[in-house]
Amino acid sequence: MMKYIFLFLIAFLFFSCKKNNRNDNQKINISDITNEKNYKMTSKKENDTVVQISGENNQYILHGSKDVKNNKKIGWWKIEDKTNKFLYEIEFISANPNKENQIKFYNKGKLITRFSQYCDIVYKNNGYEFKFYFPKYNNEKTRVEFDYMTENNNIIEDKSIDCKIEKDYYICFIPRDKKDHSIAGVATFFSESENKGEATFSSVSMFVSN
């Protein structure tokens, strides 16, 4: 029961307290390339709730999963661009509204971290190491804040930490003496840029859990 309460609380934190207001120009429109109406679709039933779907049009090939009961995209979707060697992997969280969470962009099979948004999590040195990758642009001042909850002895703790910049990612270390301790939270990327004397502030959030 405590586990379900924990997940509910962190989901509430993510979808109620964080707002994605980053409006940078993008080469693709995620809503368009994951819109089933833009494809000739086929589906295969996995169970009473989930179906595996595939689609194709003149430019893209799509594969993903869908919760048909709630009409939600779930899990990781893959979209291949047939005109070049691009591949997009997009993780959806079944929430209201249905929204993309992690995004990985590949060029000729190579993951391009500069244009991706995702998290790597490793347990080492008696704790969890979170590496957050967010798209980066020139002339930006950036930082990442990780607001998270931990469950320990049926007690839920709410904490916040600023991550350090290392190479092309932001890193946070959360001490945990046991590997099975639950950690879930929201990593928020804040950026500030100045163009023609005008300052622009934006943020984008990503839900993660170990």
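The values are calculated or read from the model by the stated rules, or taken from the named source; none is laboratory data. These figures come from a predicted structure and were not determined experimentally. Cβ atoms come from the backbone with ideal geometry, glycine included; neighbour counts cover every protein chain shown. Side chains included, ligands, DNA and RNA excluded: accessible areas come from the protein's heavy atoms. Shrake-Rupley method; radii C 1.70, N 1.55, O 1.52, S 1.80 Å.
Can you tell me which residue in region 152-182 is nearest to residue 120 (Cα to Cα), limited to those that are modelled with pLDDT of 85 or more and of a type in the set (S, T, N, Q)? Per the stated criteria, the residue is 182. For region 47-82, filtered to residues that are more than 24 Å from the chain's Cα centre (by Cα) and not polar (S, T, N, Q), the residue that is most open to solvent (accessible area, probe 1.4 Å) is 48. If you take the residues in region 146-161 that are over 28 Å from residue 194 (Cβ atoms) and open to solvent by less than 60 Å² (accessible area, probe 1.4 Å), which one is nearest to the chain's Cα centre (by Cα)? Across region 146-161, the extreme among qualifying residues is 148.
Within region 103-113, the set of residues being in a strand (DSSP E or B), without any contact (Cβ under 8 Å) to a residue 12 or more places away in the chain and closer than 20 Å to residue 204 by Cβ comprises just one member, 111. Inclusion of residue 125 among residues that are modelled with pLDDT under 90 and farther than 17 Å from residue 101 by Cβ is not warranted.
In region 13-45, of all residues being modelled with pLDDT under 60 and aromatic (Phe, Trp, Tyr), the one that is most open to solvent (accessible area, probe 1.4 Å) corresponds to 15. The requirement of being open to solvent by 80 Å² or more (accessible area, probe 1.4 Å), closer than 13 Å to residue 132 by Cβ and at pLDDT 85 or above is not satisfied by residue 207.
Residue-by-condition table, conditions (1) of a type in the set (Val, Ile, Thr); (2) touching a residue at least 24 places away in the same chain (Cβ under 8 Å); (3) open to solvent by 20 Å² or more (accessible area, probe 1.4 Å); (4) in a strand (DSSP E or B):
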residue: 84; (1), (2), (3), (4): no, no, yes, no
residue: 90; (1), (2), (3), (4): yes, yes, no, yes
residue: 97; (1), (2), (3), (4): no, no, yes, no
residue: 101; (1), (2), (3), (4): no, yes, no, yes
residue: 122; (1), (2), (3), (4): yes, no, yes, yes
residue: 141; (1), (2), (3), (4): no, yes, yes, yes
residue: 144; (1), (2), (3), (4): yes, yes, no, yes
residue: 186; (1), (2), (3), (4): yes, yes, no, yes
